[in-house]
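Here the structure comes first, spelled out in structure tokens, and everything after it is commentary.
The values are calculated or read from the model by the stated rules, or taken from the named source; none is laboratory data. The structure displayed is predicted, hence computed values, not measured ones. Counting neighbours? That spans all protein chains shown, and the Cβs are built from the backbone with ideal geometry, glycine included. We work out accessible area using only protein heavy atoms, side chains counted, and drop any ligands, DNA or RNA first. Shrake-Rupley method; radii C 1.70, N 1.55, O 1.52, S 1.80 Å.
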Amino acid sequence: MHIRLTLCSCLLLASISLQSHAEAIEVVTEDSLYAYQRDDKVVGPGIRIAEETLKNAQLTDYSLSLYPWARAYEKALHEPNVLIFPLDRTPAREQLFKWVGEIHRVASRLYKMRDSQGIAVNNLEDAKQYSIGVVRNDAKQIYLQQRGFTRLVISANNHDNFQKLLNRQIQLLPMPENTARLMSKDAQVDFTSLEEVYTLDEQPHRVHLAFSLSTPDEVVARAQRAFEQLKASGEVARIMNEQR
């Protein structure tokens, strides 16, 4: 009897350990307006929203990882229990993830260097003649490729992308105004050295938190309920309106 009880206890402990491990969540994101590193910590409004959502959902076993966007995206595509943001919700991605909720919606603009001559964009078709910087696997890359853009210059992250604009390696860069201001601040250049030439109203950023497809439905449902309560309270909007 003693041996059987000990064996059962070991099996129970192993089961608990496996369950705990299975439920561990990795929150993945890129260096952006929504998340960034400060004093060896990953912080930012998106991080705060993700952490509040998980805490309120009683999903407290999680880690935070800052990656180049392509790597974060690949992890969320292929691994279980991965929570990713800022992920644009597009028709092409609809069935690839389990969506938790929208944290932000904003339009992208096409920017050039103000002193660049001869660049004029009156419609999206006009922009095809110019070199445009995009981040690998970002929604803007997919959107422009689907519309026949062939002069796309692909970078690993937002900072490399922005530096290419400053170095005149690209002529145009699509990004929301708040991102353009943040990138200018980080690069220590005056935001007024940029000039908006076109607004991509037809492709607003619908920025979401989303789980990988192989994440258990029960985990997703708990996070969805927690996020809905957080958004209904006005906390999501309040956090997003705070300045970095």
* Asked: What residue, among those in segment 38-54 that are without any contact (Cβ under 8 Å) to a residue 40 or more places away in the chain and assigned to a helix (DSSP H, G or I), is farthest from residue 25 (Cα to Cα)?
  -> 47
* Asked: Among the residues of segment 225-235, is any buried (at least 18 other Cβ atoms within 10 Å of the Cβ), of a type outside the set (Phe, Trp, Tyr) and over 30 Å from residue 119 (Cα atoms)?
  -> yes
* Asked: Out of (1) under 21 Å from the mean Cα position of the chain (by Cα); (2) β-branched (Val, Ile, Thr); (3) open to solvent by 30 Å² or more (accessible area, probe 1.4 Å), what's the single condition that is false for residue 219?
  -> (3)
* Asked: Out of the residues in segment 130-151 that are under 20 Å from residue 72 (Cβ atoms) and either modelled with pLDDT of 95 or more or acidic (Asp, Glu) (or both), which is farthest from the chain's Cα centre (by Cα)?
  -> 133
* Identify, please: which residue in segment 186-215 is over 20 Å from residue 48 (Cβ atoms), of a type outside the set (Phe, Trp, Tyr) and assigned to a helix (DSSP H, G or I) and is, among those, most open to solvent (accessible area, probe 1.4 Å)? -> 192
* Structure fact -> When segment 100-118 is checked residue by residue, the ones that are in contact (Cβ under 8 Å) with a residue 40 or more places away in the chain and either of a type in the set (Asp, Glu) or surrounded by fewer than 17 Cβ atoms within 10 Å (Cβ to Cβ) (or both) are 102, 105, 106, 107, 114, 115, 116
* Asked: Can you pull out the residues in segment 198-244 that are of a type outside the set (Val, Ile, Thr), touching an Asp or Glu at 6+ places or on another chain (Cβ under 7 Å), within 30 Å of residue 172 (Cβ to Cβ) and at pLDDT 90 or above?
  -> 208
